[in-house]
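Here's the structure, in structure tokens; my notes come after.
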Amino acid sequence: MHKSLEYIFKTKGVSLSRIYSIIKRELIDKEILIEKEIELKLITSALLARGHVLMEGVPGVAKTYTSKAIAGLLGLGFKRVQMTPDLLPSDIIGYYVYDQKTSSFVLKKGPIFTNILLVDEINRASPRTQSALLEAMQERQVTIEGEVFKLEEPFMVIATENPIEMEGVFPLPEAQLDRFLLKIETSYPSRPGLIRITKKADEIDEAIRNIKPLITREEVLEEVKIVSSIYVDESIYEYVASLVEDTRKHPAIKLGASPRAAIALLKTAKAWAFINGRNYVIPDDVKTVARYVLPHRLIIKPELEIQGVSATRIIEELISKIPVPRP
Amino acid sequence: MALCQVDRHTMGFPEKYDYPGGVIIISINNTQIITVEPTMQQSKTPSNLSDIERIIESGKSPLTTLDKYRLRDLSKISALDAILRINNEELKNILLEMYRANKSITPEELKSIMSYIKSLKAQGALSPVDEILALRALIDMLGESNEYYTNYLLAEMYAVLRELEARESLTDFTRYTPPLTSQEHGGGESTSLYPQFHFPLPQWSLPRLLGAFNISMEQIVTYLALFAGAAGFLFLLRVFNVNPSVVFSRVKHSVYALLSKWFMFKSTPTYITTSDLLLDMYWRSVHVVEKYTRVRLEPSNTHREYLELVRSKLAPELFEIFDEITMAYEMYRYSGSREAGELIPKHYGDLVRRIEAGINPKRG
């Protein structure tokens with residue numbers, strides 16, 4: 001057998017991503033984050049695919065802990081914003097203040113000027129403040145007083161939201177939801193997982209506070225470059241297209257996935273393939289990430305939504321029906 | 001002729017019925033059926049062939065569409081036409097010979113042919129349609145002068161039709177017996193609840209009895225022979241002190257193995273075809289695994305999903321080979337690695353060799 005092939009066969013399933021290997025070793029293997037492997041894989045995928053992540057879950061399922069831990073390991077700029085209804089866009093982006101010493105206006109940069117921005121409880125901010133994030137997330141730049149400022153690469157927003165709160169929250173508009181590469185729904189841990197968490201609660205708290213950065217900015221940028229060059233077969237493009245197109249044909253869907261969704265699906269599939277130890281995309285990658293890339297971009301018909309039809313269920317249905325590439 | 005008093009108010013008491021050919025007495029509980037030979041004096045028989053034709057074409061006729069087609073234009077057709085429509089070859093040939101020999105037949109000839117028809121009927125070898133057609137041919141062959149025998153043949157045709165009608169009602173009766181209403185129970189028309197038999201019921205002979213169960217004599221002989229063979233086989237097993245379940249199990253496994261091998265090696269992939277030989281090898285291996293595990297690869301299943309589906313169904317050594325084939329396929333198919341693709345034939349050969357060597361591919 002060819003040497004390179006032998007290596008690939010032997011290391012089957014072992015991640016090619018050094019970033020994910022470190023995250024796995026430090027957070028999963030050391031049980032700092034319990035039963036969060038899929039979330040960590042997805043956040044790493046989003047980072048390598050140059051996307052943003054929305055984490056949705058009831059309070060107390062370690063959304064913020066996960067984000068903080070992953071940001072702590074990356075030797076990158078990290079800031080956290082706690083969203084409140086009275087928060088202004090300038091509180092995030094920045095503003096000019098008059099400096100009496102120099103008799104001039106000086107730019108006071110907001111927390112958005114960082115690499116990893118944790119936006120906690122994003123749906124508590126007013127729509128005006130939420131939309132301030134739009135330009136930054138899509139264009140990777142902000143405009144203050146008509147002046148454009150480029151954000152430093154890598155730039156990733158990890159937002160968290162609580163799905164059950166109805167009072168004092170502003171649901172994210174579709175346009176803003178579309179800006180998030182992935183939406184991860186965090187659920188409760190299993191019973192054994194819960195027991196492990198409760199046993200190690202203090203230890204986990206201490207470990208997260210003391211996390212040291214082990215990954216450099218250059219390493220992140222290098223892997224981002226590798227991910228963009230992951231090989232995608234022609235049939236995979238066809239498969240992604242049919243999956244996205246079929247969301248528009250589904251009778252329960254009012255608004256299907258956009259071309260941006262198709263791009264996001266492919267980008268995430270590439271990163272997922274890389275993290276899973278491959279330099280090529282397979283249909284399984286598309287199937288797996290579609291569950292996190294597509295649902296938040298679909299609008300279900302209200303009458304069916306009331307009956308309990310969810311976007312995730314529709315995506316599952318489509319995945320189980322659409323033929324994968326053959327032969 | 002046996003006669004008894006008619007009592008319509010007592011259920012089960014013998015009843016008297018008019019029959020075109022005479023009178024019959026029938027016991028209602030069917031323990032005994034007494035029939036009488038039809039006399040030649042009829043009062044209600046159709047007077048000509050047009051009457052018969054009307055009965056055949058009427059909505060109440062129990063004949064099937066095909067039967068009606070065979071009996072079409074009964075009053076207009078010639079003797080030859082009627083003979084040629086008969087399905088019973090033996091009867092057809094006899095009538096054809098008679099037709100060719102002389103145009104009109106004598107009463108003696110009529111009696112002998114009628115007794116032959118009755119014997120065929122008793123054996124169950126003559127269908128009612130054939131019988132009507134034969135009678136129709138005989139009417140023409142009698143000539144116009146012999147009115148006495150013509151009426152007799154018309155009465156016979158009518159009796160065949162009534163017999164058919166009664167067969168239908170008998171079938172209905174065995175299916176469902178309506179409950180008695182208080183009025184019917186106390187009233188004078190209680191007999192109307194039961195089928196009205198206007199004809200002599202057929203004699204219960206063995207061929208007829210078998211016909212009712214749709215079994216022929218040949219089948220009975222075959223079943224008896226099989227039963228005797230099986231009994232003999234079991235007896236031999238007993239004599240030689242062999243456990244029958246062990247023998248059956250071995251036979252079952254041998255047959256299963258033979259069939260599996262045949263299906264696996266003789267059949268070709270049914271749904272995936274490709275000109276690429278390396279890919280073709282993968283789909284052949286999928287086909288082999290499908291046949292053995294009976295786990296179908298759905299169109300929406302990826303190669304990895306299928307691998308997971310068959311994991312618990314294959315023995316570890318075979319699963320390992322199939323895993324290697326799948327991974328080689330994946331690399332060749334989705335990354336274009338020719339080197340990986342060239343591993344597929346090697347592993348495929350390995351898979352087939354191991355199966356041929358008799359390793360049970362199924363886990364457990």
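Which of rounded, prolate, oblate describes segment A:235-295, given a ≥ b ≥ c as roots of the alpha-carbon gyration tensor eigenvalues and a/c under 1.5 marking rounded, otherwise prolate only if a/b is larger than b/c? It is prolate, given that a/c is not under 1.5 and a/b is the larger ratio. Each helix, a run of at least 4 DSSP H residues, gives -39500 (n - 2.57); summed and divided by the residues of chain A, these come to -13500 deg cm²/dmol at 222 nm.
Using only alpha carbon pairs under 8 Å that are at least six residues apart, calculate the relative contact order of segment A:114-190 and give it in whole percent. If you can, show how the numbers build up before the last one.
Working: 77 pairs, mean separation 33.0, N = 77.
Relative contact order, segment A:114-190: 43 percent.
Label separation (B:ILE220 vs A:VAL58): 7.5 nm, computed from points 7 Å beyond Cα along the C-beta direction.
In Å², nearest 100, what accessible area do chains B and A bury in total when the solvent probe is 1.4 Å?
Details: alone 22430 and 16700 Å², together 36950 Å².
By this definition, chains B and A bury close to 2200 Å².
Accessible area per residue for chain A, computed on protein heavy atoms with a 1.4 Å probe, is 48 Å².
Nearest 5 is fine: what % of DSSP beta bridges in chain A come out antiparallel, could you say? Working shown, then result.
Working: 12 of 31 bridges.
DSSP beta bridges in chain A are roughly 40 percent antiparallel.
For segment A:140-267, the relative contact order comes to 17 percent (Cα pairs under 8 Å, sequence separation of at least 6). Restricted to Cα atoms, segment A:99-174 shows a radius of gyration and a Dmax of 15.0, 50 angstrom. In the structure shown, the pairs A:LYS24/A:LYS199; A:LYS79/A:LYS199; B:LYS291/B:LYS346; A:LYS41/A:LYS301; A:LYS63/A:LYS301; A:LYS24/A:LYS150 are assessed against 25 Å; a Cα-Cα span above that value is assigned to A:LYS79/A:LYS199; A:LYS41/A:LYS301; A:LYS63/A:LYS301; A:LYS24/A:LYS150. Contact with the other protein chains removes 10 Å² or more of accessible area, compared with the isolated chain and a 1.4 Å probe, from these residues of segment A:306-327: A:SER320, A:PRO323, A:VAL324, A:PRO325, A:ARG326, A:PRO327. Within segment B:84-101, what residues put their amide N at less than 16 Å from the label point 7 Å along the Cα-to-Cβ vector of B:ASP73? Zone members listed by number: B:84-86. Sparse packing (at most 13 other Cβ atoms within 10 Å of the Cβ) combined with a DSSP loop state is found for the following trypsin sites (Lys or Arg not before Pro) in segment A:66-106: A:LYS101.
The accessible-area loss of segment A:201-231 on complex formation, taken against its chain alone with a 1.4 Å probe, reaches 20 Å² or more at A:TYR231. Projecting label points 7 angstrom from Cα along Cα→Cβ for A:ALA241 and A:TYR98 puts them 6.0 nm apart.
Keeping the other protein chains in place, figure out the carbon and sulfur percent of the accessible area of segment A:192-327, with a 1.4 Å probe. Don't skip to the answer; put the middle values down first.
Values: 3770 of 6660 Å².
About 57 percent, which is the carbon plus sulfur part of the accessible surface.
What relative contact order, as a whole-number percentage, does segment A:41-181 give when Cα pairs under 8 Å and 6 or more residues apart are counted? Mind showing how you got there, number by number?
Numbers: 239 pairs, mean separation 46.5, N = 141.
Computed value for segment A:41-181: 33 percent relative contact order.
With Cα atoms defining each centre, segment A:191-206 and segment A:286-327 are spaced 34 Å apart in the structure.
Charge dipole of segment A:120-254 (Cα centre as origin; +1 on each Lys and Arg Cβ, -1 on each Asp and Glu Cβ, all else neutral): 480 debye, rounded to the nearest 20. A DSSP coil position with no more than 10 other Cβ atoms inside 10 Å describes the following GluC sites (Glu not before Pro) in segment A:154-240: A:GLU167. In a reduced charge model with +1 at each Lys and Arg Cβ and -1 at each Asp and Glu Cβ, segment B:275-324 shows a dipole moment near 280 debye about its Cα centre. Within the accessible area of segment A:16-137, the carbon and sulfur atoms contribute 53%, probe 1.4 Å, all protein chains present.
Only loop residues by DSSP count here, and only those with at most 12 other Cβ atoms within 10 Å; note down the trypsin sites (Lys or Arg not before Pro) in segment A:127-197 that meet that.
Values: sites: A:ARG128, A:ARG140, A:LYS150, A:ARG179, A:LYS183, A:ARG196; in loops: A:ARG140.
Here no trypsin sites (Lys or Arg not before Pro) fit, given the DSSP loop and packing criteria.
The values are calculated or read from the model by the stated rules, or taken from the named source; none is laboratory data. Just so we're clear, the structure is a prediction, and the values are computed from it rather than from any experiment. FYI the Cβ positions are ideal-geometry reconstructions off the backbone, even for glycines, and counts take in every protein chain you see. SASA here: full protein model, heavy atoms, side chains in, ligands and nucleic acids out. Shrake-Rupley method; radii C 1.70, N 1.55, O 1.52, S 1.80 Å.
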